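Report on one structure; see the data block that follows.
The values are calculated or read from the model by the stated rules, or taken from the named source; none is laboratory data. Just so you know, these numbers come straight off a predicted model, no measurement behind them. Every residue, glycine among them, receives a Cβ derived from its backbone with ideal geometry; neighbour counts consider all protein chains shown. For the accessible areas, the whole protein counts, side chains as well, though only heavy atoms, and no ligand, DNA or RNA atoms are used. Shrake-Rupley method; radii C 1.70, N 1.55, O 1.52, S 1.80 Å.
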Amino acid sequence: MCGLLGFLTADVATDSVVQQVYDALQCGRHRGPDERGTWHDEHIILGFNRLSIIDIEHSHQPLRWGPPENPQRYALAFNGEIYNYLELRAQLSDEFGAQFATEGDGEAIVAAYHHWGTAAFSKLRGMFAFAIWDTEAQELVLARDPFGIKPLFLATGPGGTAYASEKKSLLELLPALNLSDALDPRALEHYTVLQYVPEPESLHASIRRLESGCYATLRPGATPEVTRYFEPNFRVRPFAAGSEDARYREIAAVLEDSVAKHMRADVTVGAFLSGGIDSTAIAALAIRHNPNLLTFTSAFEREGYSEADVAAETAEAIGAKHFIRTVSPEEFAGAIPEIVWYLDDPVADPALVPLYFVAQEARKHVKVVLSGEGSDELFGGYTIYREPLSLKPFEYLPKGVRRLAGKLSDRIPDGTRGKSLLHRGSLPLEQRYYGNARSFNDAQLRSVLREFRPEWTHQDVTAPIYARSRGWDPVARMQHLDLFTWLRGDILVKADKMTMANSLELRVPFLDPEVFAVAEQIPYQQKITKETTKYALRRALETIVPPHVLHRPKLGFPVPLRHWLRGPELYDWAATQIAESQTDHLLDKSAIKAMLEAHRAGNGDHSRRLWTLLVFMIWHGIFVEDRIKPDIQEPTYPVRL
């Protein structure tokens with residue numbers, strides 16, 4: 001586990017640029033408090049902050065490896081974990097006689113790349129963002145895991161190309177790249193609609209993200225060439241009559257294998273436990289490998305916004321020692337600037353806050369936790385995935401009649417029963433579904449954004465993704481869209497950023513290529529029924545998950561934001577953020593204040609939109625205005641140059 005920062009110069013790596021890279025590593029210090037340093041040659045500087053998990057004593061970075069004729073050929077800087085590294089090392093040794101000097105997973109990456117080239121990336125089971133510098137070919141390869149569990153930002157300018165796990169570090173290097181720190185107005189508009197900045201964008205126009213499942217090749221003075229190596233394809237394999245139980249056993253077996261491999265570590269591994277089926281399944285399988293498993297959950301004191309009791313009951317049922325972190329409204333508000341600093345780009349998901357605090361609690365006891373992210377996208381867990389069932393009658397209507405139904409819905413007063421169904425039934429999937437996060441409509445955006453551009457829509461993001469899933473069933477298309485939007489833009493960002501903020505490694509066994517290979521074959525009738533979601537997964541987990549959890553509705557880490565923004569908990573805090581923010585050139589603050597007052601008076605629930613704008617204002621106050629200065633803790637670690 002490591003926080004990456006590197007600089008491939010257009011010319012020569014001067015001592016000045018080497019020092020700038022080393023200094024910029026400070027922004028990612030939380031990602032690796034165990035070790036920090038740089039390595040460079042004529043063209044490249046590799047920087048790292050290391051959190052030691054596997055082969056603590058020997059797998060230092062950058063890691064050097066090469067064949068016998070050139071044993072120092074490659075230099076690797078690697079963020080993440082490869083869970084099948086033992087199997088890969090054995091295969092590489094048997095097939096090619098590859099030799100290894102450490103017991104870690106990093107050498108498996110470099111040796112696999114040397115012998116298989118970029119085809120090696122599809123053989124890696126794990127989460128990763130890494131850089132391999134080939135001193136012989138003078139070529140840099142950057143790669144990211146299939147689902148985007150680990151981040152990687154890129155900036156290319158006249159001075160060269162820099163990459164980093166933390167965008168904050170790249171902001172420090174923009175002058176050396178001869179790039180500006182101007183904001184991207186289209187990314188801002190996308191953020192307000194989606195509640196996150198979609199890949200490959202960032203809120204800074206000169207900084208992009210290497211997309212999930214992609215690698216980039218670079219040479220000094222050239223622009224990166226990006227190639228996609230992983231393309232999810234829901235290859236549905238219908239359940240043959242009488243084969244149902246065998247398919248359920250297949251799901252359980254591949255998940256058990258994934259959890260077993262995710263437990264590989266030289267440190268103690270714990271688990272997050274929210275009380276739902278996903279985290280419970282992971283914890284129940286994990287305790288088979290660690291009978292002393294520790295589990296962690298968060299809670300609020302407001303009734304209806306805590307699963308602490310259920311999580312505690314679940315922990316007792318599986319035999320785990322359980323810890324609960326209760327978050328007060330004061331702690332919630334006080335932590336937001338620090339949380340936004342860690343995020344790099346704003347994410348308007350209030351569940352970030354309890355996740356931050358439960359990660360903080362977990363780090364007191366363990367260095368690694370397992371979690372249940374990805375289950376919904378792979379197995380059909382969101383309630384919205386059932387929408388095609390309710391809208392199926394509209395498929396039999398002629399297109400003209402469907403358009404007429406849409407026009408009719410426009411004349412029905414808001415709040416009237418059936419209006420939404422009629423409107424959504426009149427639209428094709430590509431227009432009506434753009435992911436789990438939906439915040440502002442065009443009219444609402446026009447009222448708060450100074451430079452609203454109606455041509456910048458969610459379809460900028462979704463149309464290319466939908467183009468790759470033509471002909472699939474609607475549930476598979478929605479899942480596929482969420483893999484490239486909601487999952488990697490919100491779910492995995494908050495999971496990575498909030499755990500790494502506490503120097504805690506989070507592992508997600510559902511997001512494993514072998515698990516996906518089984519999940520993608522499940523027909524939609526085995527995912528969604530009129531009564532439930534994730535049907536096949538629930539059947540597969542009947543002997544693993546306690547009965548009181550198996551059919552519970554999804555809750556996660558809910559936040560009483562709607563209530564707090566109306567009351568003394570957060571209203572004054574929100575009003576202060578609006579008043580002090582210097583975003584007048586971007587936002588109509590009077591309209592936002594009016595929205596807050598309407599919410600306080602009970603004239604509608606505006607909490608989601610308000611939170612989206614408040615998080616951006618805080619982000620702007622930190623990264624643009626330099627007005628808000630979060631109190632970031634300084635880890636102490638030995639320095640290795």
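Numbers at a glance
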| read-out | value |
| --- | --- |
| Contour minus Cα-Cα distance for Val624 and Asp605 (0.36 nm per residue) | 3.9 nm |
| Rounded Å value of the spacing that divides the Cα centres of the range 296-351 and the range 401-475 | 32 |
| Fraction of accessible area attributable to carbon and sulfur, the chain (%, probe 1.4 Å) | 50 |
| Computed over the chain, Cα set: Rg, Dmax in Å | 24.4, 76 |
| Estimated FRET transfer efficiency when R0 is 22 angstrom, pair Glu316-His563 (beta carbons, to 0.05) | 0.15 |
| Contour excess over end-to-end distance, with Cα ends at Gln99 and His115 and 0.36 nm allotted per residue | 4.5 nm |
| Whole-number accessible area per residue in Å² for the chain, which is evaluated in the context of all protein chains at 1.4 Å | 38 |
| Sites Arg450 and Ala575 - FRET efficiency at Förster radius 22 Å, r taken between beta-carbons, to 0.05 | 0.60 |
| Relative contact order (%) - the chain, alpha-carbon pairs under 8 angstrom, separation at least six | 17 |
| Quarter of the Cα convex hull surface for the range 473-580, i.e. its orientation-mean projected area (nm²) | 10.8 |
| For the chain, share of DSSP beta bridges that run antiparallel, in % to the nearest 5 | 75 |
| Percent RCO, i.e. relative contact order, over the range 561-624, from Cα pairs under 8 Å lying at least 6 residues apart | 41 |
| Lysines whose Cα lies under 17 Å from that of Lys321, excluding same-chain neighbours fewer than 8 positions away | Lys364, Lys367 |
| Helical contribution to [θ] at 222 nm, DSSP H n ≥ 4, -39,500 (n - 2.57), averaged over the chain, rounded to 500 | -11500 deg cm²/dmol |
| Cα→Cβ-extended label distance, 7 Å offset, between Leu421 and Ala10, nm | 6.1 |
| Eligible lysines near Lys534 by straight Cα distance, threshold 24 Å, same-chain separation 8 or greater | Lys261, Lys392, Lys494, Lys554 |
| Cβ-Cβ FRET estimate between Asp460 and Ser328, R0 fixed at 51 Å, reported to 0.05 | 0.80 |
| Net length gained if the chain between Glu597 and Asn178 were fully extended (0.36 nm per residue, minus Cα distance) | 146.4 nm |
| Pair Leu408, Arg237: separation of 7 Å Cα→Cβ label points (nm) | 4.5 |
